[in-house]
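Engineer: My questions will all concern the structure given below.
The values are calculated or read from the model by the stated rules, or taken from the named source; none is laboratory data. Everything quoted here is computed from the prediction, not taken from an experiment. Cβ: placed from backbone, ideal geometry, glycine included. Neighbour counts: every protein chain shown.
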């Protein structure tokens, strides 16, 4: 299991949506009715929850490969980042090893009577969003995406355009992300420096940062906003 979001507009006590990344096995979305505790895995074979075949990411100038076994292989991660629209009528999600963003209506996703085929038909491909781990939404419906290849955080506007919000070489493996009305907060994991990606050598270096930056104004593309 990975990220989760809670939708208070469906179900007696709300509905939780969880991404099951499964890292190469059987990624899916998990839907939990909070009042009853009933849960179900959906879209386990749908392309929107799966790792992109042949996906390659480069972090700190090095291809990100998993090396405990031989030969080294690339990381494979399914559904990971997840976020809700401001009124919880739509769920956005993305596989870890993919550059696509997907969404579907929560009215369909939260309904246990809807068939798997109907769920699959309701999925919308929202287009490219870069390599992202965590996702978050502000009150205006704009989606903030962590980009672990480019050491930055982007914002996807409601018209599909993107703003570069913050860029800094210290932003290594941006992951958990959260929006308030005025600021974005994000944890930096240094995941690419784990021993499993570096032939058994742990290259992580403290301190481990939690960063914050303002939502407005949007910095110019040729400048770096301070964190």
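Engineer: When you scan region 155-175, how many residues do you find that are free of Cβ contacts under 8 Å to residues at least 60 places away in the same chain and over 12 Å from the mean Cα position of the chain (by Cα)?
Structural biologist: Restricting attention to region 155-175, the residues satisfying the condition of being free of Cβ contacts under 8 Å to residues at least 60 places away in the same chain are 156-164, 167-171, 174-175.
Then keep just the ones that are over 12 Å from the mean Cα position of the chain (by Cα); that gives 156-164, 167-171.
Residues meeting the conditions: 14.
Engineer: Output yes when any residue across region 73-82 is exposed (fewer than 15 other Cβ atoms within 10 Å of the Cβ), in contact with a helix residue (DSSP H, G or I) (Cβ under 6 Å, 6 or more places away or on another chain) and modelled with pLDDT under 90, and no when none is.
Structural biologist: Scanning region 73-82, I find no residue that is exposed (fewer than 15 other Cβ atoms within 10 Å of the Cβ), in contact with a helix residue (DSSP H, G or I) (Cβ under 6 Å, 6 or more places away or on another chain) and modelled with pLDDT under 90, so the answer is no.
Engineer: Against the definition (out of contact with any helix residue (DSSP H, G or I) (no Cβ under 7 Å at 6 or more places or on another chain) and not in a loop (DSSP other than H, G, I, E, B)), how does residue 132 come out, yes or no?
Structural biologist: Spelling it out, it is not the case that residue 132 is out of contact with any helix residue (DSSP H, G or I) (no Cβ under 7 Å at 6 or more places or on another chain) and not in a loop (DSSP other than H, G, I, E, B).
Engineer: Residue by residue through region 83-96, note down the ones that are buried (at least 24 other Cβ atoms within 10 Å of the Cβ) and in a loop (DSSP other than H, G, I, E, B).
Structural biologist: 96, the sole residue that qualifies.
Engineer: Pick from 127, 200: which is out of contact with any helix residue (DSSP H, G or I) (no Cβ under 9 Å at 6 or more places or on another chain), at positive phi and modelled with pLDDT of 95 or more? Before you say what the answer is, go through the steps one by one.
Structural biologist: Values: 200 fails: modelled with pLDDT of 95 or more.
Criteria check complete, one pass: 127.
Engineer: Among the residues of region 149-165, write down those that are crowded, with 18+ Cβ neighbours inside 10 Å and either closer than 24 Å to residue 197 by Cβ or in contact with a helix residue (DSSP H, G or I) (Cβ under 8 Å, 6 or more places away or on another chain) (or both).
Structural biologist: 151, 152, 153, 154
Engineer: Evaluate the following for residue 114: is it assigned to a loop (DSSP other than H, G, I, E, B), closer than 16 Å to residue 41 by Cα and touching a helix residue (DSSP H, G or I) at 6+ places or on another chain (Cβ under 9 Å)?
Structural biologist: Numbers: assigned to a loop (DSSP other than H, G, I, E, B): yes; closer than 16 Å to residue 41 by Cα: yes; touching a helix residue (DSSP H, G or I) at 6+ places or on another chain (Cβ under 9 Å): yes.
Criteria met by residue 114.
Engineer: Looking only at region 60-72, how many residues end up being farther than 18 Å from residue 149 by Cα, surrounded by 15 or more Cβ atoms within 10 Å (Cβ to Cβ) and touching a strand residue (DSSP E or B) at 6+ places or on another chain (Cβ under 7 Å)?
Structural biologist: At the first step, the residues of region 60-72 found to be farther than 18 Å from residue 149 by Cα are 67-72.
Adding the requirement that they be surrounded by 15 or more Cβ atoms within 10 Å (Cβ to Cβ) leaves 67.
Subsequent filtering for residues that are touching a strand residue (DSSP E or B) at 6+ places or on another chain (Cβ under 7 Å) retains none.
The number of residues fulfilling the criteria is 0.
Engineer: Right, another one. Which one of these is at pLDDT 95 or above, out of contact with any strand residue (DSSP E or B) (no Cβ under 9 Å at 6 or more places or on another chain) and over 16 Å from residue 17 (Cβ atoms): 145, 139, 113?
Structural biologist: Working: 145 fails: out of contact with any strand residue (DSSP E or B) (no Cβ under 9 Å at 6 or more places or on another chain); 139 fails: out of contact with any strand residue (DSSP E or B) (no Cβ under 9 Å at 6 or more places or on another chain).
Of 145, 139, 113, the one residue that is at pLDDT 95 or above, out of contact with any strand residue (DSSP E or B) (no Cβ under 9 Å at 6 or more places or on another chain) and over 16 Å from residue 17 (Cβ atoms) is 113.
Engineer: Take region 1-28 and flag every residue that is in contact with a helix residue (DSSP H, G or I) (Cβ under 6 Å, 6 or more places away or on another chain) and outside any loop (DSSP other than H, G, I, E, B).
Structural biologist: 7, 28
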